[in-house]
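Structure, as structure tokens:
The values are calculated or read from the model by the stated rules, or taken from the named source; none is laboratory data. Values in this document were obtained by computation on a predicted structure and should not be read as measured data. A quick note on method: Cβ atoms are made from the backbone with ideal geometry, for glycine too, and the neighbour counts reach across all protein chains shown. Only protein heavy atoms, including side chains, enter the accessible area calculation; ligands, DNA and RNA are left aside. Shrake-Rupley method; radii C 1.70, N 1.55, O 1.52, S 1.80 Å.
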Amino acid sequence: MTLTSRHLRAQWRDCWSLIKGPQTGLLLFTGVAGYASIGHPVFTWYACFGLAGSLFLAISGSTVLNMVYDRDIDARMCRTAPRPLPVGRLQARKTWLLGLGLTLLGVGWSVALSPPYGLVVLAGVLLDVVIYTIWLKRRTSWSIIWGGIAGGMPVLAGRTLGVGSVDLLGVLLALAVLLWIPSHILTFSTKYASDYRRVGIPVFPNTHGPRLTRIILAASTAAAAATMVLIAHLLGLQWGYLWTTAVLATLLVGMALASLVRPSPDLNYGLFKFASIYMVGSMGLIAVG
């Protein structure tokens, strides 16, 4: 392998790392589940490729733009310091152009597929990049609400593409994601609270204390689980799917309550991991059921 080809492969790996594959994949999966939730989705190659492609580009582009904007704080956090932008392996201007290009392609493709769908995708981009990352993330720990709303846009977009407009079930799906976000974000910020304190990013464990953070986490997790069970019922899922959804919800709420009663780093990390498994499982049941 020549030096040039090795350099290109390294650049490709660095660029790929910017989109945060697991996070992008999870959001993309919720979008597909939202589309499948209409009960009679038209799974043509055009619809499937358009949905997956436009969402992937919009989500990836937004994530890259966020990484460019946050490169200064990433450089001062132990967890994020090795990322390609803080260490200088990628240039900020070129990376910003990459993120902008991906975002514009994703939003443009979305609008071409369906204007209502495109507007929801655009709203998700603006909420994530402008409202959450640029405006609120460095100012208030309550920014996670707006980050959670942005996280709910892909599933709402998928539902909107299938139905043709924003409906109640689409809003409930987005609400379920919003209520689920704390089980992912608050456990993560608890683990890395010292890092966030050092760089001056307000997160709940530092601004409101660990106890209140765990109470909010348990309450939002219970609300998210109840919302998902309600959605499964309203969609008319068969008893087997409803039962499995309820079991997953019970496990997630049980872990959240356990972390409230007897907090520990291991339980906090376990809840962080299971939260993603729960979301994939619940959305998968909706898509299949």
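Checking the range 243-252 against the condition returns a match, with at least one residue being β-branched (Val, Ile, Thr), within 15 Å of residue 278 (Cβ to Cβ) and surrounded by fewer than 17 Cβ atoms within 10 Å (Cβ to Cβ). Somewhere in the range 261-268, is a residue of a type outside the set (A, V, I, L, M, F, W, C) and either touching a Gly at 6+ places or on another chain (Cβ under 7 Å) or open to solvent by less than 20 Å² (accessible area, probe 1.4 Å) (or both)? Taking every residue of the range 261-268 in turn, none turns out to be of a type outside the set (A, V, I, L, M, F, W, C) and either touching a Gly at 6+ places or on another chain (Cβ under 7 Å) or open to solvent by less than 20 Å² (accessible area, probe 1.4 Å) (or both). The residue list 81, 92 contains one member that is over 14 Å from the mean Cα position of the chain (by Cα) and in contact (Cβ under 8 Å) with a residue 24 or more places away in the chain, which is 92.
Quick check on the range 12-23. Is at least one of its residues within 16 Å of residue 121 (Cα to Cα) and not hydroxyl-bearing (Ser, Thr, Tyr)? No: the range 12-23 contains no residue that is within 16 Å of residue 121 (Cα to Cα) and not hydroxyl-bearing (Ser, Thr, Tyr). The C-beta contact set for the range 169-191 (first residue under 18 Å from residue 39 (Cβ atoms), second residue among the hydroxyl-bearing types (Ser, Thr, Tyr), distance under 6 angstrom, 6+ apart or interchain) comprises 170/160; 176/227. From the list 173, 178, the one residue that fits, being open to solvent by 20 Å² or more (accessible area, probe 1.4 Å) and at pLDDT 95 or above, is 178. Return only the number of the condition from (1) open to solvent by 60 Å² or more (accessible area, probe 1.4 Å); (2) not in a helix (DSSP H, G or I) that residue 140 does not satisfy. Result: residue 140 passes all but (1). For residue 134, the conditions (1) at pLDDT 95 or above; (2) within 29 Å of residue 235 (Cα to Cα); (3) among the β-branched types (Val, Ile, Thr); (4) open to solvent by 30 Å² or more (accessible area, probe 1.4 Å) are fulfilled apart from (2). Checked against (1) surrounded by fewer than 19 Cβ atoms within 10 Å (Cβ to Cβ); (2) part of a helix (DSSP H, G or I); (3) not acidic (Asp, Glu), residue 165 passes all but a single condition, namely (2). Of the residues making up the range 91-103, not a single one is open to solvent by less than 70 Å² (accessible area, probe 1.4 Å), more than 16 Å from residue 129 (Cβ to Cβ) and outside any helix (DSSP H, G or I). Here residue 107 fulfils each of the conditions (1) farther than 27 Å from residue 213 by Cα; (2) open to solvent by less than 20 Å² (accessible area, probe 1.4 Å) apart from (2).
Do we find a residue being charged (D, E, K, R) and open to solvent by 70 Å² or more (accessible area, probe 1.4 Å) anywhere in the range 192-209? Within the range 192-209, one or more residues are charged (D, E, K, R) and open to solvent by 70 Å² or more (accessible area, probe 1.4 Å). Of the helices (runs of 4 or more DSSP H) lying entirely inside the range 174-267, those containing at least 3 residues that are over 22 Å from the mean Cα position of the chain (by Cα) span 193-199, 209-234, 239-261. State yes or no: is residue 62 open to solvent by less than 50 Å² (accessible area, probe 1.4 Å), closer than 16 Å to residue 154 by Cα and more than 20 Å from the chain's Cα centre (by Cα)? In short, no.
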